[in-house]
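Encoded as structure tokens, the structure appears first; notes follow it.
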Amino acid sequence: MPGHGRPIGDTETTRRRRGDRHWDAARLDSSTTAARGAGARLVMAIAALALFLTASPPPGAAQSPQRGDFEQPALLTADEVTYDEELDIATARGNVEISQGLRVLRADTVSYNRRTNVVTASGNVSLREPSGEVLFADYFEVTDQMREGVAQNLRVLLSDQARLAAVSGSRSDGNLTAARKVVYSPCELCRDDPTRAPLWQIKAARVVHDQAARKVTYNDAWLEVAGVPVIYTPYLSHPDGTVERASGFLAPGFSRSNVIGTLISVPYFVVLGPTSDVTIEPIYVEKDRPVIAGEYRQRTRTGGFNFSASATNAKNRDDNNNVIDGDDFRGHVKGTGRFDIDDEWRWGFDVQRSTDDTYLERYRLFQRFRFLDSTTLTSNAFTEGFRGRNYAAANTYLFQGLRPEDDPGLSPAVLPLLQYNYVGQPDAWGGRLSFDTSALSIYRSEGTQDQRLSGRGGWLLPYVTSDGHIFSFLAMVQGDLYNVNRIGSPADPFRPTEDGVSARLFPQLSFGWSYPMIRRDGPIRTIIEPIASFVAAPKISDQDRYPNEDSRSVEFDDTNLFRLNRFSGLDRVDSGQRINYGLRAHVSRATGGYLSGFIGQSYRFQEVDAFSPGSGLDDQESNIVGRVRFSPHEWFGATYRFQLDKDDFSALRSITGVSLGPQALRLSFSHAFFDQSTQTQEPFDIEQITTALTGHLSERWRFQVRETRSIGEDDGQLLFGASLIYEDECILAGVDFTRRFVGSRDNPPDSTIVLRVILRNLGELRSNVY
């Protein structure tokens, strides 16, 4: 070993100098056979000692290479390579570099003692791993087939730019790697003062990595923020980087509401097997009883499923949120599954049920368990198949309304809905056939039970003339067969007027035309396109004798003006003859910026009563619909969509959106207006304004302030919120304040504060405050 025994050099029998300094450890001649493999052994030894550096950081750090990676030849270069036959030591000095594949070791001196099987490296030692880690040390020594070793003054730059350092490290039994006085941080050092403590770091008196157990333990560990110790633990353990999933506590959650007080959740993750796991999450509620929640996940050979559920034995409350005698069991269940049958067919399910209509909102569970709709819970089981242009599906549905006015007795159960859709290839004229059919059966405890068999087929022929006129012809026929059974209370406003079996045959013809005209004036391009269509169909004066399950609302706007049926479903048809007409225009600059717009109207030749008053289609001459979009610069954009009264051009429905400013400071504004005549339940106009100001205070700090306010007869603030976020390469921290000014029953208006702190590499928590 260098520094021990007599000096090397006087008794050496082999010497290589810079002029012939490339030494392939797999191809040595007979005079250097004793040193064969020294370079490969050395690289292997250094990587073995470095194991705790690449595995002991939190999940996310790269893993150490396997032993088999070191079996390929190693190339050694140095200013001087000697071999002492008397001591049986091979030594390389001066700019030593050992390359083996993509792994590179550099040091001032490297030696290998065959008698003691000891490999040492000293002086500016660095090891670059293929995975991107770079290890630095002052001294390494490994022995006993790399099962034992020590290192001094270790530093590691991980592939994700995180850093780890230790005063010393040791390896024993080929399995346990220990480090003393360890510091770890993924944060970048200050450019102006690299000696300043990083934003956060973990310090531990001792770290031990047990490879057999695949576990890393810390003793006397501190979490420091800006150099200040904030959290201490005498003992901490987590799986090493080779473990993808392991049981243990996840990041806790904190929030506060003035209605239910502080909520603290402490989730615990349990691995049940290679394809399944469960999260158990008790939730402490300050002003009510605790909630126990959990989520089970499993992958199968053909797909996967997950279920979440929660429950609490809550204090019983009246509609004014006052505690009354007794307890109230409350909870929910939610599940999703998707499974492949073969390459063309699959089946699945979605389950969403709650004990009552305010539970999920009161305990802030909509976002926690990823519900997409806060007004209706939908449960569904289905199977579906795709083959070419064909699609077939069978569905069942259950609905649970969460609004105060929802009547559970009128909630439908769809058992089942069968569908088949076909779209053909273009024929010799360029036309295309299509066919859709469905069978539907609906059950209720009161109201209407009905069954429907429906089919619709058509032929579409598009045609473009040589001078740019675009024509289309569509012929379609729809047939429906109903069986209606009215039961219970007649409170259902969509209850049909007749029981029994009824049938309907409804043909339609449509002719469409448009003529886009384009003009260029330097960098300005203008497109003007008149559009018109004529639709012919028989008039159906009385549609109330048929049930109405899927056509209960119509939002007449620029998107459905030219549709063959302005109703969303099949139960109501757009009968009679009508003409639709409109004008589309678009002006843009080559350097950016545009102005586009559309305006249109519909005229029906007969009077029909299928559309409800206030829809905009209840008269022969429809209201005027359109949109305008304007963006002269990337710092400004505006959109205006409207429905105007056909007589006085007053706005009956309008949605306006404006955004102003760069990303550094951007103001967003939206205004929604719905005239009382277009509402079926509200006795006054609905008018709301939403404003949001988003800004970047610096490269790492950003904020948002938002407000929603009702104006007009129902004047008042509805929602106010503010968020402040800090984000850099190693931390995401944010605080969000939300004040709701509306509520109902046991979920009255409240204020909520949510604080989130996410330390990189310490967990898998992912969230955005806004």
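The values are calculated or read from the model by the stated rules, or taken from the named source; none is laboratory data. Since the model is a prediction, treat every value here as computed from it, not as a measurement. Methodologically, a virtual Cβ is constructed for each residue, glycine included, from the backbone with ideal geometry; neighbour enumeration extends over all protein chains shown. Surface areas here come from the heavy atoms of the whole protein model, side chains and all, with no ligands, DNA or RNA. Shrake-Rupley method; radii C 1.70, N 1.55, O 1.52, S 1.80 Å.
For the range 260-301, a Kirkwood radius taken over Cα pairs fed into Stokes-Einstein (25 °C, viscosity 0.890 mPa s) yields D = 213 µm²/s. Note on A226/V270: beta-carbon distance plugged into 1/(1 + (r/R0)^6) with R0 of 35 Å gives a FRET efficiency of 0.50. Using the Cβ-Cβ distance between Q367 and H469 with R0 set to 56 Å, the FRET efficiency from 1/(1 + (r/R0)^6) comes to roughly 0.60. Calculated from the structure at hand, Kirkwood radius over Cα pairs in Å is found among (i) 27.9; (ii) 30.0; (iii) 33.4 as (iii).
A simple charge model with +1 on the Cβ of Lys and Arg, -1 on the Cβ of Asp and Glu and nothing else charged puts the dipole of the range 423-572 at about 280 debye relative to its Cα centre.
Eigenvalues of the alpha-carbon gyration tensor of the range 230-384, scaled by 5 and square-rooted, set the equivalent ellipsoid semi-axes at 31, 26, 11 angstrom, largest first. Classification of the range 126-280 by its C-alpha gyration tensor yields an oblate form. The axis ratio a/c (a ≥ b ≥ c) is 1.5 or more, and b/c is at least a/b. Any aspartates and glutamates with Cα under 20 Å of the K215 Cα? List them, leaving off those in the same chain fewer than 8 positions away. Hits, sequence-local ones excluded: E148, D173, D240, E244, D277, E764. Note on exposure: E729, E384, E498 ranked by accessible area (1.4 Å probe, complete protein assembly) read E498, E729, E384, with the most exposed listed first.
Normalised radius of gyration for the range 374-486, please: alpha carbon Rg relative to 2.2 N^0.38 Å, two decimal places. Present the calculation step by step, with values, prior to reporting the outcome.
Values: Rg = 19.5 Å, N = 113, 2.2 N^0.38 = 13.3 Å.
For the range 374-486, the normalised Cα radius of gyration comes out at 1.47.
Using 0.36 nm per residue and subtracting the Cα-Cα separation, the extra length available between S237 and D192 on full extension is 12.7 nm.
Put a plus charge on the Cβ of each Lys and Arg, a minus charge on the Cβ of each Asp and Glu, and nothing anywhere else: the dipole of the range 477-523 about its Cα centre is then about 260 debye. Using only the alpha-carbon atoms, how far is helix 38-49 inclined from the longest principal axis of the chain? Give it as 0 to 90 degrees, nearest 10. The helix 38-49 is inclined about 60 degrees to the chain.
Measuring between their Cα centroids, the range 493-537 and the range 548-590 lie 6 Å from each other. Loop-only trypsin sites (Lys or Arg not before Pro) in the range 168-242, please: DSSP not H, G, I, E or B, and at most 16 other Cβ atoms within 10 Å. Sites meeting the loop and neighbour criteria: R191, R196, R214.
Normalised per residue, the accessible area of the chain is 51 Å², obtained with a 1.4 Å probe and no contribution from ligands, DNA or RNA. If you take the Cα centroid of the range 254-279 and the Cα centroid of the range 344-360, the two points sit 20 Å apart. Using C-alpha pairs under 8 Å with a sequence gap of at least 6, the mean separation divided by the residue count of the range 110-214 gives a relative contact order of 17 percent. Cysteine residues of the chain whose Cβ has no partner cysteine Cβ closer than 4.7 Å: C190. Rounded to the nearest Hz, the phi-derived 3J(HN,Hα) couplings of the range 453-466 under the Karplus curve 6.51 cos²θ - 1.76 cosθ + 1.60 (θ = phi - 60°) are 10, 9, x, 9, x, x, 9, 10, 10, x, 8, 10, 7, 5, where x marks glycine and proline. Annotation for the range 596-630 versus the range 664-708: alpha-carbon center distance of 27 Å.
Positive-end ranking of G331, N321, Y296 along the dipole of the range 247-363, with charges on Cβ about the Cα centre, is headed by Y296. Considering helices alone, the calculated mean residue ellipticity of the chain at 222 nm is -500 deg cm²/dmol, with DSSP H runs of length four and up weighted by -39500 (n - 2.57) and normalised per residue.
For D319 and T279, the FRET efficiency from 1/(1 + (r/R0)^6), where r spans their Cβ atoms and R0 equals 30 Å, is about 0.35.
Normalised by 2.2 N^0.38 Å, with N the number of residues, the alpha-carbon radius of gyration of the range 310-402 equals 1.46. Model label points for Q676 and A394, set 7 angstrom from Cα along the Cα-to-Cβ axis, are 5.2 nm apart. In this structure H633 has an accessible area near 90 Å², from a 1.4 Å probe over the protein heavy atoms. Each Lys and Arg adds +1 at its Cβ and each Asp and Glu adds -1 at its Cβ; summed about the Cα centre, the range 135-213 shows a dipole of about 260 debye.
Each of T738, F269, L561 was placed along the dipole of the chain (beta-carbon charges, centred on the mean Cα), and the one lying farthest toward the positive end is F269. Taken along its three principal axes, the alpha carbon spread of the range 709-765 comes to 51, 25, 13 Å, from the longest extent down to the shortest.
Ranking W635, W200, W222 by solvent-accessible area of protein heavy atoms (1.4 Å probe, all protein chains present), from largest to smallest, gives W635, W222, W200. Take every Cα pair under 8 Å whose residues are at least 6 apart in sequence, average their separation, divide by the length of the chain, and the relative contact order is 6 percent. Going by accessible surface with a 1.4 Å probe and the largest first, M517, M476 read M517, M476.
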